[in-house]
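Everything below concerns the one structure shown next.
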Amino acid sequence: MCEEIKTTVQRHTQSPMYSKEDLNRLNQAIQRLTVDVDGTKDQSCEPERAWDLTALQAEEASCSAKDKLAYLEAALQRAKQDIAKQLREYQELMIVKLGLDFEIATYRKLLEESR
């Protein structure tokens, strides 16, 4: 049971790190698009059209990043709830174990006294 909890905790703590990498990649894509936008400003050939296209791409990338962030936050919340549930189950098992340990100690003491 402890190994299962450790595995779950490790899995859920690694998950946000991967998501941060994904967000960093999306931010880099946004920065590249921003550079493209700046580059198109300098071009005399249809600057308004290029600007609109690049702005639209940047907006789509931003929305995609926001959607991914919302999804990852929801996943993190579910992971926290799962860990909390497993912790409660673990605590219940520890209470049962403590009761059994107490009962075993009582029987051992009675057995020693009867000898």
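The values are calculated or read from the model by the stated rules, or taken from the named source; none is laboratory data. All values derive from a computational prediction rather than experimental measurement. Ideal geometry is used to build each Cβ from the backbone, glycine not excepted, and the neighbour counts take in all protein chains shown. Remember, those area values only see protein heavy atoms, side chains included, never the ligands or the DNA or RNA. Shrake-Rupley method; radii C 1.70, N 1.55, O 1.52, S 1.80 Å.
Quick one: would you say ALA79 is modelled with pLDDT of 85 or more and surrounded by 11 or more Cβ atoms within 10 Å (Cβ to Cβ)? It is true that ALA79 is modelled with pLDDT of 85 or more and surrounded by 11 or more Cβ atoms within 10 Å (Cβ to Cβ). Residue check: ARG88 meets all listed conditions (1) at pLDDT 80 or above; (2) open to solvent by less than 90 Å² (accessible area, probe 1.4 Å) but one, namely (2).
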